[in-house]
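The values are calculated or read from the model by the stated rules, or taken from the named source; none is laboratory data. In this text, all values refer to a predicted model and were calculated from it rather than measured experimentally. Positions of Cβ are backbone-derived with ideal geometry, glycine not excepted, and every protein chain shown enters the neighbour counts. All accessible areas refer to the heavy atoms of the entire protein, side chains included, with ligands and DNA or RNA removed. Shrake-Rupley method; radii C 1.70, N 1.55, O 1.52, S 1.80 Å.
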Amino acid sequence: MTGGVNHFLPGRTPLLADKAYAEVRDMIVTLRLPPGAPINEERLSAELGVGRTPLRDALKRLESETLVAIYPRQGTFVTEVNITDHGLIADVRRQLEGHAAQRAAERVTSPDRQMLHELIAEIRHSGGGRETSMRLDTAIHRAIYHCAHNRYLESTLDHYYNLSLRIWYLFLEQLPEVDHVEHHVPMIEAILAGNGVLARELAVHHVDHFEQSVRETL
């Protein structure tokens, strides 16, 4: 997907509904499908190369995550963004991001390690730019959620991260670029080293630092 933030994780073969969900989710959070936009199922189905049934399954999942609203006899629409919710979302993320990083350090597997080493290499060779930086941030966070090996924690964090992403993309040009070398490489290295306490501390620091930048922008 051009310009998207979708990274399917190792060891997972996505079903068509999962593929449709990931594609439409990323179109919504990156504002390719802007707030309030109607969703044309026929056109979207053709664009994604999936049938109407997996697309509808994906839309129902996105409705449960408050990214779309489905109105009988009216259609499906991307939900509006409520910027005032950002502080509430950040409060949840501040508590759970550190927990996920600590669990990742405790439960990281060999395939996880390979994925994280590849992310470090991608960070070090990243050319910069706000969109590239945000896509990389997304890949890093989703990878750490996966490494925690708790599907409930991963699903919850994905949900709140996606809600945050939409707000960030609204103000992308005003937000500072994330310094992934400073903020994420030490955290990933702590996870690889099995140092859960340090991984938690660095994750919380990253969330606090970036959320402060967002508050100053908003």
Out of Glu189, Glu173, sole residue that is part of a loop (DSSP other than H, G, I, E, B) and among the acidic types (Asp, Glu): Glu173
Qualifying positions in segment 127-157 - in contact (Cβ under 8 Å) with a residue 60 or more places away in the chain and charged (D, E, K, R): Glu131, Arg135, Arg142
Residue list for segment 115-152, filter: closer than 15 Å to Met187 by Cα, open to solvent by less than 50 Å² (accessible area, probe 1.4 Å) and more than 17 Å from the chain's Cα centre (by Cα): Ile120, Ala121
Positions within segment 162-192 being of a type in the set (Phe, Trp, Tyr) and within 16 Å of the chain's Cα centre (by Cα), in sequence order: Trp168, Tyr169
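Restricting attention to segment 64-75, which residues are open to solvent by less than 40 Å² (accessible area, probe 1.4 Å), not in a loop (DSSP other than H, G, I, E, B) and not β-branched (Val, Ile, Thr)?
Within segment 64-75, Ala69, Gly75 qualify.
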Odd one out for Ile167 among (1) within 29 Å of Thr79 (Cβ to Cβ); (2) surrounded by fewer than 18 Cβ atoms within 10 Å (Cβ to Cβ); (3) of a type in the set (Val, Ile, Thr): (2)
Among (1) more than 15 Å from the chain's Cα centre (by Cα); (2) surrounded by fewer than 20 Cβ atoms within 10 Å (Cβ to Cβ) - the single one His159 does not satisfy: (1)
Residue ID - surrounded by the fewest Cβ atoms within 10 Å (Cβ to Cβ), chosen from residues in segment 76-104 that are of a type in the set (Gly, Ala, Ser) and modelled with pLDDT under 95: Gly87
